[in-house]
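The values are calculated or read from the model by the stated rules, or taken from the named source; none is laboratory data. Because the structure is a prediction, the values reported are computed rather than measured. Here the Cβ positions follow ideal geometry from the backbone for every residue, glycine too, while neighbour counts run over all protein chains shown. Remember, those area values only see protein heavy atoms, side chains included, never the ligands or the DNA or RNA. Shrake-Rupley method; radii C 1.70, N 1.55, O 1.52, S 1.80 Å.
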Amino acid sequence: MFGRSIAGRLRIPVGRVSFQRFMASKEPEIVLKDKLRPLRIDRELPDPTKDVNKRRLQFVAFLGLMGASLAMIFNYEKTQSPVISNTLYHMRRSPKIREVLGDQIDFDGLVPWVSGELNQVSGDVNIKFYLKGSKGKVGEVKLVADRENQRQEFLIHEWSVQVDGKKYDLLAENGATRTL
């Protein structure tokens, strides 16, 4: 109330008064040991060419870490693909594969790795990955499929599981070539 009456008499806007108070109270105070000498920096600047090999090694390590992270992200996208989910579903329902690997069929290892090409847009699937069941055996799944255009379904050319050197053809299980 009092600030407004003074501001009104002096014809200074209220916002300007508070801004001037703010600026006046926030000025830094420079404290010098000797008031007659100006402030100087009496030390050498750092050498930019020092430890060049260390910085190069750090940069290469950074690039390697970023490349590994990118590969893990792309692999995660492959493992979450509908093609992989559909393949795992059929492996879990196949009596022949359940007999060999056991129940609870899932990816082998802590980090599942799907290698090969999995491009649903262009219609190319050529992948392989490892499975493990409750019997402790590990099987390698191979799936090769393609399609001519996006309106067609994938035509499966090879769909097999190899366990202990023996190959089990999943296409022959139901008699004919199937689509995904």
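Data for the structure
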{"read-out": "Accessible surface, the stretch 32-180, averaged per residue in Å² (probe 1.4 Å)", "value": "74 Å²"}
{"read-out": "Links that overshoot a 22 Å alpha carbon limit, given the list LYS78/LYS167; LYS78/LYS135; LYS96/LYS132", "value": "LYS78/LYS167; LYS78/LYS135"}
{"read-out": "Cα shape, the stretch 60-180, gyration tensor, a/c 1.5 rule", "value": "oblate"}
{"read-out": "Per-residue ³J(HN,Hα) for the stretch 152-157, Karplus 6.51 cos²θ - 1.76 cosθ + 1.60, θ = phi - 60°, Hz, x for Gly and Pro", "value": "9, 8, 5, 9, 8, 9"}
{"read-out": "Cut-off under 5 Å, modelled amide H: who pairs with LEU170 long-range", "value": "TRP159, SER160, VAL161"}
{"read-out": "Apportionment of accessible area to carbon and sulfur, the stretch 26-152, percent (1.4 Å)", "value": "55 percent"}
{"read-out": "Neighbour-limited loop hits for GluC sites (Glu not before Pro), the stretch 47-151 (at most 10 other Cβ within 10 Å; DSSP other than H, G, I, E, B)", "value": "GLU148"}
{"read-out": "Karplus-derived HN-Hα couplings along the stretch 45-60 (A = 6.51, B = -1.76, C = 1.60, θ = phi - 60°), whole Hz, x at Gly and Pro", "value": "6, x, 7, x, 8, 6, 6, 5, 5, 5, 5, 5, 5, 5, 5, 5"}
{"read-out": "Cross-link reach list, aspartates and glutamates versus LYS128, counting only Cα pairs under 13 Å and skipping chain neighbours closer than eight places", "value": "ASP108, GLU117, GLU140, GLU158"}
